Amino acid sequence: MIIKDVLCPFCGCLCDDLAVEVENNKVVDVKHACKIGASKIRGHDRIKAPMMRDDKNGEFREVSYEEAINESARILAKSKRPLLYGWANGLCEMMKKGILLTEEVGGIIDNTASVCHGPSALGVHEKGLPTGTLGQFANRADVVVFWGCNPVQAHPRHMGRYSVFNKGFFANKGRRSRKVVVFDVRKTDTANLADEYVQVKPGEDYMVLSALRAIVAGKGDVVPDTVGGVPKEKLAEVAETMKAAKFGIVYFGMGLTQSRGKYKNIDNAVSLITELNAHGKHSIIPMRGHYNVTGFGNVCAWETGFINAVDMSRGYPYYNPGETCSNDLLMREEIDAAFIIAGDAGAHFPAQSIARMGKVPVIQVDPFHNPTTEMANIVIPTKVSGVELEGTAYRMDGVSLRMRKLVDVDFPSDEEVLDKIIAKVREIKGASS
């Protein structure tokens with residue numbers, strides 16, 4: 001059986017044109033997906049059963065779901081400062097349960113944005129975001145700028161479906177319809193495909209953005225001969241290219257959000273778009289990584305008022321990036337238990353945070369082995385969302401899409417595990433109060 005129009009549960013592109021062949025309730029082929037997406041749908045390094053261990057250096061032993069869930073609830077219920085992190089590789093339905101669990105245990109809920117596009121959110125708080133949908137950009141953009149991102153590696157089908165090589169309604173010659181510019185500190189695979197590559201000195205994006213704004217605004221006389229390692233003549237050429245666009249789009253990544261300047265870089269980039277909109281139509285959008293990291297921002301915002309790093313220990317939502325983000329808490333050694341779900345802290349956190357996680361009980365809920373498994377005390381495998389479970393996810397441009405179930409399995413869903421932990425936590429806390 002061929003199932004068409006399947007959504008890919010890998011990156012923020014949420015490609016919706018996959019064709020998946022299923023035989024005897026097993027995925028046997030995946031067409032149209034990138035290699036990473038196909039690999040995830042086919043499954044790899046699957047955790048087969050719940051596991052526990054007392055000593056992080058010891059061997060795991062298989063246990064029942066009931067035992068793993070009860071022990072997880074016990075750890076969270078007795079913790080004074082639990083961190084509940086991840087959430088970006090799951091569906092919106094389970095995120096709501098996660099926020100409820102955080103309230104029950106008085107913990108801090110945070111997602112993967114705090115180590116990638118968290119500064120983007122702060123920049124948007126300050127300045128707003130003149131943006132649109134990937135469909136609009138695919139059909140209209142004639143000037144495409146990638147700033148501090150490398151979609152060839154991180155979003156393998158982005159350039160083919162949405163930005164560079166695709167034919168659009170108003171860009172019907174595909175690649176020949178568009179001018180592509182890449183700003184980056186190194187010449188990436190994406191830069192190799194661009195018409196213009198602008199090499200920026202590490203940490204000097206803010207100054208380059210400011211120079212571009214001045215040139216676009218007709219104040220080029222105040223710009224020095226070289227800015228951020230870029231000659232003024234080069235900046236003037238790029239500014240003219242952007243001003244001449246009928247529809248320009250800037251895609252930005254962690255090269256902008258996580259370099260010196262952080263959220264101020266985003267603030268400045270949005271201001272550049274405002275300057276450019278005096279000449280044509282321009283938009284900007286972050287290149288989100290995990291397939292539903294945008295969904296967590298939405299769910300958390302409508303449940304708590306904030307998009308991530310929300311501290312529930314006061315009995316109400318409290319948000320202060322720099323104080324309540326995962327790594328702030330781990331580096332201050334405040335966290336005494338960690339619940340990691342639909343994310344891989346072990347692969348993305350700095351060494352000091354990992355060291356702290358090595359000293360506290362860690363509960364992992366995930367279908368797959370990953371570096372977090374190596375520091376976990378309890379591992380609870382669940383269904384693969386978008387393959388074994390249907391539900392809602394948000395594409396990087398904020399468009400909500402319904403993910404499909406392709407096969408049936410015996411694993412519980414994230415939502416079912418969270419429901420049981422919440423019930424057990426309530427039972428424990430009720431008994432102790």
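The values are calculated or read from the model by the stated rules, or taken from the named source; none is laboratory data. Just so we're clear, the structure is a prediction, and the values are computed from it rather than from any experiment. For neighbour counting, all protein chains shown are included, and Cβ atoms are generated from backbone atoms with ideal geometry for every residue, glycine included. Ligands, DNA and RNA are excluded from the accessible area calculation, which covers all protein heavy atoms including side chains. Shrake-Rupley method; radii C 1.70, N 1.55, O 1.52, S 1.80 Å.
Normalised per residue, the accessible area of region 80-151 is 27 Å², obtained with a 1.4 Å probe and no contribution from ligands, DNA or RNA. The residue among Asn265, His369, Asn308 whose Cα reaches farthest toward the positive pole of the charge dipole of the chain, with charges on the beta-carbon of Lys, Arg, Asp and Glu, is Asn265. Here is how the number arises for the chain: DSSP H runs of 4 or more residues each give -39500 (n - 2.57), the sum is divided by the residue count, and the result at 222 nm is -10000 deg cm²/dmol.
Would you work out the charge dipole size for region 155-238 about its Cα centre, treating the Cβ of every Lys and Arg as +1 and the Cβ of every Asp and Glu as -1, and quote it to the nearest 20 debye?
On the way: 15 positive and 10 negative charges, 125 e Å.
Here the size comes out at about 600 debye.
Loop-located GluC sites (Glu not before Pro) across region 1-61 with a Cβ neighbour count of 16 or fewer within 10 Å are Glu59, with loop assigned by DSSP. Taking every C-alpha pair closer than 8 Å and separated by at least 6 residues, the mean separation divided by the residue count of the chain gives a relative contact order of 24 percent. Charging the Cβ of each Asp and Glu at -1 and of each Lys and Arg at +1, and nothing else, the dipole of region 274-433 about its Cα centre rounds to 200 debye. Looking at region 182-341, the accessible area is 40 square angstrom per residue; that uses a 1.4 Å probe and ignores ligands, DNA and RNA.
Apolar share of the accessible surface for region 120-245: 50 percent from carbon plus sulfur atoms, 1.4 Å probe. Computed over protein heavy atoms with a 1.4 Å probe, the carbon and sulfur contribution to the accessible area of region 360-408 reaches 46%. Three principal axis extents describe the C-alpha atoms of the chain; from largest down they are 71, 52, 36 Å. About the centre of its Cα atoms, the chain shows a dipole size close to 1160 debye [charges on the beta carbon of Lys, Arg (+1) and Asp, Glu (-1) only; nearest 20 debye].
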